[in-house]
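Reading through the structure tokens given below for one structure.
The values are calculated or read from the model by the stated rules, or taken from the named source; none is laboratory data. No experiment lies behind these values; they were computed from the predicted model shown. In this analysis, Cβ positions are derived from the backbone assuming ideal geometry, glycine residues included, and neighbour counts consider all displayed protein chains. Please note that ligands, DNA and RNA were not included when accessible areas were found on the heavy atoms of the full protein model with its side chains. Shrake-Rupley method; radii C 1.70, N 1.55, O 1.52, S 1.80 Å.
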Amino acid sequence: TPGKAIPRLIGVAQDITERRAAEMHLREAATIFEETRDGLFILDQNYKLTSANPALSRMTGLDTGHWIGKELPFLQPPALSQQIHDNLWVQLKREGNWQGELHITKPAGDQFPARLSLNVVRDRDLDWTQAVGILSDVSELRGVQAKLQQLAHYDQLTGLANRLLMQDRLIQAIHRSRRYGLRVAVLFIDLDHFKRINDSCGHAVGDLVLREAASRIKHNIRNDDTASRHGGDEFVVIVEKFADQSQVLALAEKLRAALALPIQIGTQTFHISSSIGIALFPDNGGEAEQLLRGADTAMYEAKAQGRNRVVLYDPAMTVKVASFLTRDARLRQALTEGELCLHYQPVIDTQAGQCSAVEALVRWQHPTLGLLAADQVIPAAEESGLIIELGRWVLREACRQ
């Protein structure tokens, strides 16, 4: 009654901390659902769409409002094979989750790889109430993986297989050949005097020549064969499924002729030749390393015979190489142990009748072969890569004397 005192008030206080926290979690979940870049959606027990976030529409190009109450097109045939479709729902019912990769086709026809994760939501009685799906566009990830794959297995200058991939393919080729009784050929190709191009024109021009050489090799072999850059100016070709060695020799000659054609780089024209060695499985070895060694040895024999030619491996070449390696090591020892000496040949000025200069000639006082002249020392030094070191020794010794 107005004007009368209120004798008492009865109030009820309620702790709403948990409710506020629950409301906050719901708002956070709603924000995540709306703003995340991944496509989020919810399916009922019959796999029909009940809700989806905006990202799913942006990602797939679908009007998700149109698909409410329907099965999403990327979760049913023909987007999925019938087997994957059936296994997906069987696993989801049995295990409560499924993960896999799909190729989503947009209404405009564009495709992209996507990672799909489905998880069942159950009530207190563990009955399936709905399923939550997360769809992630993995195009960028696949691009990075492809880039890493390219870096790991392909030569960055020429685009050919690198040494690692070539060795793996050679091993696989040998396994197939053993299984089906076939043969494999390894062609080891070296560009003759390529160092002169690098030295005279620079490595940038040299790289362009290498790219052109690689392109010619690639376009003169079959699709089933493997062309690789072994390193520097060396290339390796693996050949399978050939009738006999004459077919391999014909291919090698075809490559040699292709590489011998003029190469135009800007205003400069380069003429290069190549030395090619061939080793055959199982004739010249049963393992990848043996075949590579044999083809490499045959290539060096082609150089020794005058370059610009094709040579088939012969076991006698290994003996010759072993002798060369022994001579190489012995010449290095001669340089350090004082077995080399200089003989001087006078240069006479016939008009003045005087000695105008002397020519310094290197000699090798071999402990068992006796005195070796320059025509034996110089070729050995050139083949073993010691010619620069030998030249420096001659210059220092002549000046000292």
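A few remarks follow.
- Among the residues listed as Gln333, Gln365, the single one being of a type in the set (S, T, N, Q), open to solvent by 60 Å² or more (accessible area, probe 1.4 Å), more than 43 Å from the chain's Cα centre (by Cα) and on the phi < 0 side of the Ramachandran plot: Gln365
- Of the residues making up the range 106-130, those that are out of contact with any Gly (no Cβ under 9 Å at 6 or more places or on another chain), in a strand (DSSP E or B) and within 30 Å of Arg142 (Cα to Cα) are Gln111, Phe112, Pro113.
- Residue, surrounded by the most Cβ atoms within 10 Å (Cβ to Cβ), within the range 200-249, restricted to residues that are among the hydroxyl-bearing types (Ser, Thr, Tyr) and in contact (Cβ under 8 Å) with a residue 60 or more places away in the chain: Ser228
- The numbered conditions (1) outside any loop (DSSP other than H, G, I, E, B); (2) surrounded by 14 or more Cβ atoms within 10 Å (Cβ to Cβ) are all true for Leu141 except (2).
- Residue count for the range 8-39, restricted to those that are touching a strand residue (DSSP E or B) at 6+ places or on another chain (Cβ under 6 Å) and at pLDDT 65 or above: 2
- Pairs with Cβ under 8 Å, 6+ apart, first in the range 81-104 and free of Cβ contacts under 8 Å to residues at least 24 places away in the same chain, second assigned to a helix (DSSP H, G or I) and surrounded by 12 or more Cβ atoms within 10 Å (Cβ to Cβ): His85/Leu75; Asn97/Gln91; Trp98/Leu88; Trp98/Gln91; Trp98/Leu92; Gly100/Ile84; Gly100/Leu88
- When the range 269-300 is filtered for residues that are part of a helix (DSSP H, G or I), under 24 Å from Asn198 (Cα atoms) and open to solvent by 10 Å² or more (accessible area, probe 1.4 Å), the ones remaining, listed by number, are Asp296, Tyr300.
- Scanning the range 301-313 for residues that are open to solvent by 70 Å² or more (accessible area, probe 1.4 Å) and farther than 18 Å from Gly232 by Cβ returns Gln305, Arg309.
- Here Ala152 meets each of (1) surrounded by 15 or more Cβ atoms within 10 Å (Cβ to Cβ); (2) under 30 Å from Asp207 (Cβ atoms); (3) small (Gly, Ala, Ser) with one exception, condition (1).
- Verdict on Asn53 being open to solvent by 50 Å² or more (accessible area, probe 1.4 Å), more than 19 Å from Ser139 (Cα to Cα) and polar (S, T, N, Q): no
- Verdict on Arg94 being open to solvent by 80 Å² or more (accessible area, probe 1.4 Å) and in a strand (DSSP E or B): no
- Scanning the range 175-199 for residues that are closer than 26 Å to Gln305 by Cα, free of Cβ contacts under 8 Å to residues at least 60 places away in the same chain and charged (D, E, K, R) turns up Lys195, Arg196, Asp199.
- Subset tally (residues that are touching a residue at least 40 places away in the same chain (Cβ under 8 Å), open to solvent by 70 Å² or more (accessible area, probe 1.4 Å) and among the aliphatic types (A, V, I, L, M)) for the range 105-127: 1
- Scan the range 256-268 for residues that are open to solvent by 30 Å² or more (accessible area, probe 1.4 Å) and under 26 Å from the mean Cα position of the chain (by Cα) and the total you get is 1.
- Within the range 54-89, the residues that satisfy the criterion of being closer than 16 Å to Arg115 by Cβ and part of a loop (DSSP other than H, G, I, E, B) are Leu72, Ala79, Leu80.
- Selection from the range 363-401 of residues that are at pLDDT 90 or above and not in a helix (DSSP H, G or I): Arg363, Gln401
- Of everything listed in (1) in a strand (DSSP E or B); (2) modelled with pLDDT under 85, the single unmet condition for Val358 is (2).
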